[in-house]
Amino acid sequence: HRLPPRTFRSYLPRSHRTYSCVHCRAHLARHEELISKSFQGSHGRAYLFNSVVNVGCGPAEQRLLLTGLHSVADIFCQSCKTTLGWKY
């Protein structure tokens, strides 16, 4: 029995390099939206993007990061609900 294909809210143009969810391959961002790969998260390297698509956002909370106390919210893949990281 075949599962129906997943539909994503936004598809990015095929002509561009894209970043996608590691689990369901939903498009997340175009390469041109990448600002920096120089961030370090608690689980390894973190990327900073100018804008992303197909993500949901949890509630904002205060977290102590390497650079001090910040208001952040977890973000997750809108399709498979995998936690992707957080936003300022």
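Every read-out reported here was derived from the displayed coordinates using simple, explicitly stated rules and does not represent laboratory data. These numbers come from a predicted model, not from an experiment. Cβ: placed from backbone, ideal geometry, glycine included. Neighbour counts: every protein chain shown.
Some values worked out for this structure:
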| item | result |
| --- | --- |
| Protection proxy ranking of 60-71, 30-41 - average other beta-carbon atoms within 10 Å, highest first | 30-41, 60-71 |
| Long-range amide H partners of N54 with built H, under 5 Å | S10 |
| Contour excess over end-to-end distance, with Cα ends at K37 and L69 and 0.36 nm allotted per residue | 9.4 nm |
| Cα centre as origin, Lys/Arg/Asp/Glu Cβ charges: the stretch 18-87 dipole, Debye | 140 debye |
